[in-house]
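These notes concern the structure reproduced below.
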Amino acid sequence: MAWLMVVVAGILETGFAVCLKLSHGFTRLWPTVAFIAFALGSFGLLTLALKKLEVGPAYAVWTGIGAAGTAVYGMVFLGDLVSTLKIVSISLVIVGVIGLQLSGSAH
């Protein structure tokens with residue numbers, strides 16, 4: 001259950017990062033409200049998950065999902081540049097997070 005909370009928290013991190021951009025420096029109401037909701041949800045779930053998980057692997061999964069998810073969202077929906085290097089880099093982030101998780105540090 002704790003790992004499910006980390007995964008959902010990572011997805012919410014993607015949401016708060018995208019809303020942060022869409023808020024245009026907190027000058028647009030609804031993206032700012034969504035940013036706050038996503039951030040509170042993300043940090044709240046991560047906090048609960050860390051009661052049962054080691055901080056290193058959990059934080060790596062959370063940030064990995066957030067970073068990769070935000071980059072992919074930006075390329076698909078926000079017109080961010082798509083390049084081979086960017087795709088390879090996102091893949092390396094995902095592989096690194098999986099490797100850390102498989103290292104046996106979390107039970």
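Quick note: the coordinates plus some simple rules give every number you see, no bench work behind them. These figures come from a predicted structure and were not determined experimentally. No Cβ is skipped: glycine too gets one built from the backbone with ideal geometry, and neighbour counts run over all protein chains shown.
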Kyte-Doolittle at least 1.6, axis length at least 20 Å by Cα - qualifying DSSP helices, the chain: 2-22, 29-49, 84-102
In the chain, the chymotrypsin sites (Phe, Trp or Tyr not before Pro) that fall in loop regions by DSSP, at most 13 other Cβ within 10 Å: 26
